[in-house]
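Okay, handing you the structure first.
The values are calculated or read from the model by the stated rules, or taken from the named source; none is laboratory data. Keep in mind that this is a model prediction, so the values were computed, not measured. Heads up, the Cβs are rebuilt from the backbone with ideal geometry, glycines too, and the neighbour counts pull from every protein chain shown.
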């Protein structure tokens, strides 16, 4: 009885000119013998189909073979790597051609251009999805070497021509012992299958089949599953900058609050609708300190939906609470009627603090915007102090944690996180100066706003001393610290986990009070 173990499975093979006919034939016939469907895909340059020639150029050396390809990886009718169970980039010099870009290349943008060539982007998306098995024979790792975040630490084989690039990208070259036949030299590292050349194509197919039938455990890039809780009726106040919040740092915890049925209200300093920082919805944005993109395609889609006022999710950010209308402004010490003004301020503050009674917790969302209108905003400090005096949880992410460092009773003038344990954006993630990625954007920015121009880690270390500590957890996928009543998240990838831990603080059994260090 024929082996139909892959019946219903789909495989995409990325091709271009100078492919090896024997390799493509093995993919088509051997996968078909297991019941799988094989699609040839490529960049079609806005055409309905393209013909690609085999190893030798037509008119130079004959005979030459041709492939007709009608499935596009770019443009409005592009196929998605998520539609396939496996994606293979063909061997030989096809990947050199697939990395071609019509954009002008300079020393400043070369890596970014290489990463965003349509084929490299397609292959990268396949690598980002642990459910898709990726085959990279021979030269094919050239599509991934501009993305060290995906290749670093992976055991691979490759053609010697690309070995230097592969090693520079952080991969672990793992050759077979001398004398091992070439057709058997295939390396399997979870969802990545590589070989040294097309002669091992049959073994590559069989290794990919085995991984499709026995999917490897997902790489630990996502937060751990949320601890089951039985929430009561809860209401969360989310504080956002009007100068740009980082998208994932809102939609990550918000998704967790929605999951358990919490109600959420949004607040901004003056009641203006908040906007996500544009690069936070751009999955191609390559973060220089981390040397990798920091936003996935799926998260970018969620951020775009939230930022769009015409969507159901986006409408949630319409008409946020105005903190300026809610909390009073403390008078300047040099005001001619300071004493009377201070009396009025304290009286109004008591009334304002009553407004938090309906909330169970507050979350301050990060991004570079908070340094403009949240970190040194006295009304924000008073809001935080009101939750602190009420004994209610206070969450903060990334640069939003700076608000906690500066929030302090003006009589004591000690940070409220003195003696506590917190996390926040660590020094290793900082830019080399205070300028970077966000140009003037007419809808909400009116100056060149880069990342915060200070080292948050140093501020938090000083604010928590003595007796407390800052925990950067550099090198670990996530960092969230719970030292009740504070729940702090380090940066973008900690957003979902921050929301999960806030839920466990409110409704865990028993309620979470200390976690992460």
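Just to be sure I understand, how many residues within segment 121-138 are touching a helix residue (DSSP H, G or I) at 6+ places or on another chain (Cβ under 9 Å) and part of a loop (DSSP other than H, G, I, E, B)?
4
Among the listed residues 408, 389, 418, identify the single one that is touching a helix residue (DSSP H, G or I) at 6+ places or on another chain (Cβ under 8 Å) and within 26 Å of residue 264 (Cβ to Cβ). Break it down stepwise before answering.
Numbers: 408 fails: within 26 Å of residue 264 (Cβ to Cβ); 418 fails: within 26 Å of residue 264 (Cβ to Cβ).
That would be 389, the only listed residue that is touching a helix residue (DSSP H, G or I) at 6+ places or on another chain (Cβ under 8 Å) and within 26 Å of residue 264 (Cβ to Cβ).
Can you tell me which residue is nearest to the chain's Cα centre (by Cα) among those in segment 140-152 that are surrounded by fewer than 24 Cβ atoms within 10 Å (Cβ to Cβ) and assigned to a loop (DSSP other than H, G, I, E, B)?
Across segment 140-152, the extreme among qualifying residues is 147.
In segment 153-174, which residues are assigned to a loop (DSSP other than H, G, I, E, B) and surrounded by 14 or more Cβ atoms within 10 Å (Cβ to Cβ)?
Correct list: 154, 157, 158, 159, 169, 170, 171.
May I ask you to say which residue of 246, 281 is at negative phi and without any contact (Cβ under 8 Å) to a residue 60 or more places away in the chain? Give the derivation first.
Working: 246 fails: without any contact (Cβ under 8 Å) to a residue 60 or more places away in the chain.
None of the other options fit; the residue is 281.
Going through segment 139-155 one residue at a time, which ones are closer than 15 Å to residue 194 by Cβ and out of contact with any helix residue (DSSP H, G or I) (no Cβ under 6 Å at 6 or more places or on another chain)?
Across segment 139-155, the qualifying residues are 151, 152, 153, 154, 155.
Right, residue 274: in contact (Cβ under 8 Å) with a residue 40 or more places away in the chain and within 30 Å of residue 130 (Cα to Cα) or not? Full working, then the answer.
Working: in contact (Cβ under 8 Å) with a residue 40 or more places away in the chain: yes; within 30 Å of residue 130 (Cα to Cα): no.
So residue 274 fails the test.
Of all residues in segment 337-382, how many are touching a strand residue (DSSP E or B) at 6+ places or on another chain (Cβ under 9 Å) and in a loop (DSSP other than H, G, I, E, B)?
9
Sticking with this one: Identify the residue in segment 184-201 that is more than 32 Å from the chain's Cα centre (by Cα) and outside any loop (DSSP other than H, G, I, E, B) and, among all such residues, is modelled with the lowest pLDDT.
Initial filter on segment 184-201 (more than 32 Å from the chain's Cα centre (by Cα)): 184-185, 197-201.
Retained after the next criterion (residues that are outside any loop (DSSP other than H, G, I, E, B)): 184, 198-201.
Working: 184: 83, 198: 91, 199: 92, 200: 94, 201: 95.
Filtering segment 184-201 for residues that are more than 32 Å from the chain's Cα centre (by Cα) and outside any loop (DSSP other than H, G, I, E, B), the one modelled with the lowest pLDDT comes out as 184.
A follow-up question, please. Filter the helices (runs of 4 or more DSSP H) completely within segment 238-336 down to those with at least 1 residues that are under 30 Å from residue 144 (Cα atoms) and assigned by TED's automatic domain parsing to the domain that holds residue 385.
Values: elements: 247-259, 297-307, 323-326.
Filter on segment 238-336 gives 247-259, 297-307.
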